[in-house]
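**Student:** Got a structure here, written out as structure tokens. Questions coming.
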Amino acid sequence: MNLEQARQRVHSLRQIINQHNYRYYVLDDPTISDAEYDKLLRELLDLETEFPQLMEPNSPTQRVGVKPVSALKEVAHIVPMLSLANAFDEAEMQAFYKRIRDKLSVDSIVFAGETKFDGLAVNLLYHDGMLVSAATRGDGYVGEDVTHNVRTISQVPLCLLGDAVPTSIEVRGEVVITHAGFEALNNKQREKGDKIFANPRNAAAGSLRQLDSRITAERPLSFFAYGIGDYKGRVELTSHTDILKQLKRWGLPVSTESIKLAGLDACLKYYDDIGKRRSELAYDIDGIVFKVDDVQQQQALGFVSRAPRWAIAYKFPPLEEITQVLDIDVQVGRTGAITPVARLSPVNVAGVTITNATLHNIDEIQRKDVRIGDWVYVRRAGDVIPEVVSVIKDRRGKVTEFVMPETCPVCGADVIRQDGEAVYRCMGGISCSAQNIQAIIHFASRKAMNIDGLGEKLVVQLTESGLINTVADLYLLDSTQLSGLDRMGTKSADNLLQALAKSKSTTFERFIYALGIRDVGEATARSLARRYDSIESIQKASIEELETIPDIGPIVAGNIHNFFQQKHNLEIIQQLLSKGMRWVPANTKESSVFNGMSFVLTGTLEKLTRDEAKQKLIDLGAKVTGTVSKKTNYVVFGDSPGSKYDKALELGIETLDESTFMHMLEKAEEQAS
Ligand code: D41
């Protein structure tokens, strides 16, 4: 390819990729797979490497960040970024409405309503459709230059799309981090031992003001446009609704919650409606912004001090409040994880009374330096458990430090922190009543003992009524006891007893899996069942010996060993065996044509679930893995297969549609039986 040909291909690739970015990030409606997209981007990258003279800062390949800057420069906005007046109750909204109705001498006013993002306001400047600078709001007149960082935000178009792109436009919007992005970011930070962010807003602010944009590129920043400043263009924009529509056409993401509202009552209703859905939104909002929709009316209204008279932010109650830590104690979770919990002086946070907040783990307590008696900020976000955000050190009086208990407060077993783990755990296993309920649910689950009809509700009912204490007690239940329970008829009681009887004949691997040993999932249980033929032989195995089993490392080996050292666990196993628990040898059929073959399943199958297909294949001696590699023998694809299907084609691995696969499966099953 010569330079001229490359120039043309680069140009068209950039257009195609920008269009796909738009479909993905703005319309949320992609038309190609991730693999196809990656291929286009790769082609562009290769051409830009081969022909460096074709490189441009606004190329879609340039989102990975660049060398750090030494400090953030100052940038003046062309049109100042005004501030927003606030309303905190309905009376203030009524006053706002009356004020502008009087000033405009009209009966009713049409507003545009939109969510108020709780992020950072930024100003994007485009010249002839090219992003030339991005700045924080600063004091409204001069902000900080964050162009290098904003370029890494996938949702911000580096070139505007569509027709009639303006010669100059300042796009105003908010940089935010979604709840999911925030959680993922903090998990990553925690793993690296880096700073944990208190909330998405702080995380967004910290990320946007980085000197090194390669760090920003790793942060899950999003952007939403909500208005314009300077504008020199051909398209006439006569209302706020128009502005948002046009911004979207040019490739900028705008809120999907924006709406046109006639009169005050419609505004108040919208505020209530969004308020109810607030915790379901993907990002934090702290209110609703109402803007007079008509641009001429906006101009007639003008400004007071530095805020437009035509807009107002009707704030929601804050999700953070101040209260006192009365005590710190611990909760024992499903896997025995001991979570410190702050008992709080009751406080109302956005309509909900909070009396407890999680402190996550001992490292978090130390990092935040939370002590009993401290005054703290507590936060309730979405449906997540309320948490202690930070301590108000200036208000500290007489305080006591929290000490992690050495034994489980529920069962008395040792509390141990394993190397490399943030959490302490109760070593009581299924004999700890706090872990018990979850352990019983696991024991009964489909992939374990598969006890039909024994779900969470019934397990709670059985343990709370005192009918069972351990999984072994399940096999002592009789129909009189069961039919005495609320909402339990003789029919369902009999069904449960039958399911229990049936579960007694199982496989060794299911039994091992059902025990709920930490880190022993289906695959590890299977490996153990292949190596050992009895509980006693596993019990006698040393950690070193266990480590020789495929897929078992030192940590898991330690967990297995530890489990069989606990007297309670051995007692329960003995009881189960004495109730008639028996296993048939794992039914691996060495003669099967699938023996030793490696399968990958992708997409939705019609006739059976992926788990069922997996089980059948395993029973026939095949391996089922999650990633396609050269070692994969077959990729079975159902409806809407993912990138694994593309990968198979790429590597030339045989693919099977559902009916072909079913046919092969039946043949193999016949042959093996
Ligand atoms: O979502 C927001 N945070 C938001 C902020 C919004 N949806 N609209 C806004 N509109 C304005 C005016 C009416 C002044 C153009 C704003 C802001 N201002 C704003 N953000 C930070 C300061 C002002």
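**Student:** Which residues, taken from the range 487-506, are open to solvent by less than 40 Å² (accessible area, probe 1.4 Å) and part of a helix (DSSP H, G or I)? Give the derivation first.
**Tutor:** Step one: filter the range 487-506 for residues open to solvent by less than 40 Å² (accessible area, probe 1.4 Å), giving 488-489, 493, 496, 499-500, 503, 506.
Hits for the range 487-506 are 493, 496, 499, 500, 503.
**Student:** Within the range 1-42, can you find the residues that are of a type in the set (Lys, Arg) and open to solvent by 40 Å² or more (accessible area, probe 1.4 Å)? Before you say what the answer is, go through the steps one by one.
**Tutor:** Kept after step one, since they are of a type in the set (Lys, Arg), are these residues of the range 1-42: 7, 9, 14, 23, 39, 42.
The answer is 7, 9, 23, 39, 42.
Yes/no matrix, rows are residues, columns are (1) open to solvent by 30 Å² or more (accessible area, probe 1.4 Å); (2) in contact with a Lys or Arg (Cβ under 7 Å, 6 or more places away or on another chain):
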position	(1), (2)
316	no, yes
324	yes, no
334	yes, no
342	no, no
349	no, yes
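**Student:** Do we have any residue at all in the range 527-540 that's open to solvent by 60 Å² or more (accessible area, probe 1.4 Å) and among the polar types (S, T, N, Q)?
**Tutor:** Going through the range 527-540, the residues open to solvent by 60 Å² or more (accessible area, probe 1.4 Å) turn out to be 530-531, 533, 536, 539-540.
So of that shortlist, the ones also among the polar types (S, T, N, Q) come out as 539.
Yes: one or more hits.
**Student:** Of the numbered conditions (1) farther than 21 Å from residue 623 by Cβ; (2) surrounded by 14 or more Cβ atoms within 10 Å (Cβ to Cβ), residue 509 satisfies every one except a single condition; which is it?
**Tutor:** Among (1) farther than 21 Å from residue 623 by Cβ; (2) surrounded by 14 or more Cβ atoms within 10 Å (Cβ to Cβ), residue 509 violates only (1).
**Student:** Follow-up question, since we're still on this one. Is the range 635-652 home to any residue that is crowded, with 18+ Cβ neighbours inside 10 Å, small (Gly, Ala, Ser) and over 21 Å from residue 527 (Cβ atoms)?
**Tutor:** Among the residues of the range 635-652, at least one is crowded, with 18+ Cβ neighbours inside 10 Å, small (Gly, Ala, Ser) and over 21 Å from residue 527 (Cβ atoms), which makes the answer yes.
**Student:** Among the residues of the range 340-353, is there at least one that is touching a Pro at 6+ places or on another chain (Cβ under 8 Å), part of a strand (DSSP E or B) and touching a residue at least 40 places away in the same chain (Cβ under 8 Å)?
**Tutor:** no
**Student:** Please count how many residues of the range 202-238 are away from the ligand (no atom under 13 Å from the Cβ) and under 20 Å from residue 24 (Cα atoms).
**Tutor:** Of the residues in that region, 5 qualify.
**Student:** I'd like the full set of residues that are in contact with a helix residue (DSSP H, G or I) (Cβ under 8 Å, 6 or more places away or on another chain) and surrounded by 15 or more Cβ atoms within 10 Å (Cβ to Cβ), limited to the range 57-75.
**Tutor:** 59, 60, 61, 63, 65, 66, 69
**Student:** Just name the residue that is farthest from the ligand (Cβ to nearest atom) out of those in the range 63-90 that are closer than 30 Å to residue 275 by Cα and part of a loop (DSSP other than H, G, I, E, B).
**Tutor:** Restricting attention to the range 63-90, the residues satisfying the condition of being closer than 30 Å to residue 275 by Cα are 81-90.
Among the residues that remain, those that are also part of a loop (DSSP other than H, G, I, E, B) are: 81-84, 88-89.
Working: 81: 6, 82: 4, 83: 5, 84: 5, 88: 16, 89: 20 Å.
If we take residues in the range 63-90 being closer than 30 Å to residue 275 by Cα and part of a loop (DSSP other than H, G, I, E, B), then 89 is farthest from the ligand (Cβ to nearest atom).
**Student:** Across the range 451-486, what is the number of residues that are under 23 Å from residue 513 (Cβ atoms), assigned to a helix (DSSP H, G or I) and open to solvent by less than 80 Å² (accessible area, probe 1.4 Å)?
**Tutor:** Residues in the range 451-486 being under 23 Å from residue 513 (Cβ atoms), assigned to a helix (DSSP H, G or I) and open to solvent by less than 80 Å² (accessible area, probe 1.4 Å): 10 in total.
**Student:** While we're here: Is it the case that residue 277 is within 13 Å of the ligand (Cβ to nearest atom) and either small (Gly, Ala, Ser) or over 30 Å from residue 399 (Cβ atoms) (or both)?
**Tutor:** no
**Student:** Which numbered condition trips up residue 93, out of (1) under 33 Å from the mean Cα position of the chain (by Cα); (2) at pLDDT 95 or above; (3) away from the ligand (no atom under 14 Å from the Cβ)?
**Tutor:** Status for residue 93: all satisfied but (1).
Here's the yes/no breakdown for (1) surrounded by 16 or more Cβ atoms within 10 Å (Cβ to Cβ); (2) touching a strand residue (DSSP E or B) at 6+ places or on another chain (Cβ under 8 Å); (3) at pLDDT below 95; (4) not in a strand (DSSP E or B):
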residue: 100; (1), (2), (3), (4): yes, yes, no, yes
residue: 108; (1), (2), (3), (4): no, yes, yes, yes
residue: 111; (1), (2), (3), (4): yes, yes, no, no
residue: 114; (1), (2), (3), (4): yes, yes, no, no
residue: 121; (1), (2), (3), (4): yes, yes, no, no
residue: 124; (1), (2), (3), (4): yes, yes, no, no
residue: 132; (1), (2), (3), (4): no, yes, no, no
residue: 135; (1), (2), (3), (4): yes, yes, no, no
residue: 139; (1), (2), (3), (4): no, no, yes, yes
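**Student:** Now, a different point. Hey, could you check the range 156-195 for residues that are in a loop (DSSP other than H, G, I, E, B) and open to solvent by less than 30 Å² (accessible area, probe 1.4 Å) and say which is nearest to the ligand (Cβ to nearest atom)? Steps first, answer last, please.
**Tutor:** So in the range 156-195, the residues in a loop (DSSP other than H, G, I, E, B) come out as 156-158, 160-167, 178, 193-195.
Narrowing further to those that are open to solvent by less than 30 Å² (accessible area, probe 1.4 Å): 156-158, 160-161, 164, 166.
Working: 156: 16, 157: 19, 158: 23, 160: 20, 161: 22, 164: 22, 166: 18 Å.
For the range 156-195, the residue satisfying everything is 156.
**Student:** Same structure again: For a quick check of your reading of the model, give me the residue pairs whose first member lies in the range 307-336 and is at positive phi, whose second is assigned to a strand (DSSP E or B) and not hydrophobic (A, V, I, L, M, F, W, C), with beta-carbon atoms closer than 8 Å and at least 6 apart or on different chains.
**Tutor:** These pairs meet every condition: 336/425.
**Student:** List the number of the failed condition for residue 144; all other conditions in (1) surrounded by fewer than 20 Cβ atoms within 10 Å (Cβ to Cβ); (2) in a strand (DSSP E or B); (3) without any contact (Cβ under 8 Å) to a residue 60 or more places away in the chain; (4) not aliphatic (A, V, I, L, M) hold.
**Tutor:** Just one mismatch for residue 144, condition (3).
Yes/no matrix, rows are residues, columns are (1) within 16 Å of the ligand (Cβ to nearest atom); (2) in contact with a strand residue (DSSP E or B) (Cβ under 8 Å, 6 or more places away or on another chain):
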{"position": "287", "(1), (2)": "yes, yes"}
{"position": "299", "(1), (2)": "yes, no"}
{"position": "303", "(1), (2)": "yes, no"}
{"position": "307", "(1), (2)": "yes, yes"}
{"position": "324", "(1), (2)": "no, yes"}
{"position": "337", "(1), (2)": "no, yes"}
{"position": "344", "(1), (2)": "no, yes"}
{"position": "347", "(1), (2)": "no, yes"}
{"position": "351", "(1), (2)": "no, no"}
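**Student:** Does any residue in the range 45-71 that is over 14 Å from residue 10 (Cα atoms) come within less than 6 Å, Cβ to Cβ, of a residue that is not aliphatic (A, V, I, L, M) six or more places away or on a different chain, and which pairs are these?
**Tutor:** 63/152; 65/152; 65/213; 65/214; 66/148; 66/213; 68/212
**Student:** Spot the failing condition for residue 78; the list is (1) closer than 25 Å to residue 169 by Cβ; (2) surrounded by 13 or more Cβ atoms within 10 Å (Cβ to Cβ); (3) under 32 Å from the mean Cα position of the chain (by Cα); (4) aliphatic (A, V, I, L, M), and only one is missed.
**Tutor:** (3)
**Student:** To continue, here is another question. In the range 351-376, which residue that is under 10 Å from residue 323 (Cα atoms) and β-branched (Val, Ile, Thr) is surrounded by the fewest Cβ atoms within 10 Å (Cβ to Cβ)?
**Tutor:** Ranking the candidates gives 355 first.
**Student:** Taking the options 106, 110, name whichever one is under 30 Å from residue 263 (Cα atoms), aliphatic (A, V, I, L, M) and within 16 Å of the ligand (Cβ to nearest atom).
**Tutor:** Result of the check over 106, 110: 110.
**Student:** In the range 412-432, what count of residues is obtained for those that are touching a strand residue (DSSP E or B) at 6+ places or on another chain (Cβ under 9 Å), open to solvent by 30 Å² or more (accessible area, probe 1.4 Å), touching a residue at least 60 places away in the same chain (Cβ under 8 Å) and not polar (S, T, N, Q)?
**Tutor:** Total satisfying the criteria: 3.
**Student:** Go through (1) within 16 Å of the ligand (Cβ to nearest atom); (2) in contact with a strand residue (DSSP E or B) (Cβ under 6 Å, 6 or more places away or on another chain) one by one and return the number of the condition residue 282 breaks.
**Tutor:** (2)
**Student:** Go through 593, 628, 600 for me and flag whichever is part of a strand (DSSP E or B) and surrounded by 13 or more Cβ atoms within 10 Å (Cβ to Cβ).
**Tutor:** 600
**Student:** Sticking with this one: Inside the range 246-300, can you point out the residues that are under 20 Å from residue 95 (Cβ atoms), of a type in the set (A, V, I, L, M, F, W, C) and open to solvent by 20 Å² or more (accessible area, probe 1.4 Å)?
**Tutor:** Residues satisfying the conditions are 262, 264, 266, 268, 300.
**Student:** Another question, then. Return only the number of the condition from (1) within 16 Å of the ligand (Cβ to nearest atom); (2) among the hydrophobic types (A, V, I, L, M, F, W, C); (3) more than 32 Å from the chain's Cα centre (by Cα) that residue 264 does not satisfy.
**Tutor:** (1)
The values are calculated or read from the model by the stated rules, or taken from the named source; none is laboratory data. Please read these numbers as outputs of a predicted model, since none were measured by experiment. Heads up, the Cβs are rebuilt from the backbone with ideal geometry, glycines too, and the neighbour counts pull from every protein chain shown. Just so you know, the surface numbers come from the protein's heavy atoms only, side chains and all, with ligands and any DNA or RNA stripped out. Shrake-Rupley method; radii C 1.70, N 1.55, O 1.52, S 1.80 Å.
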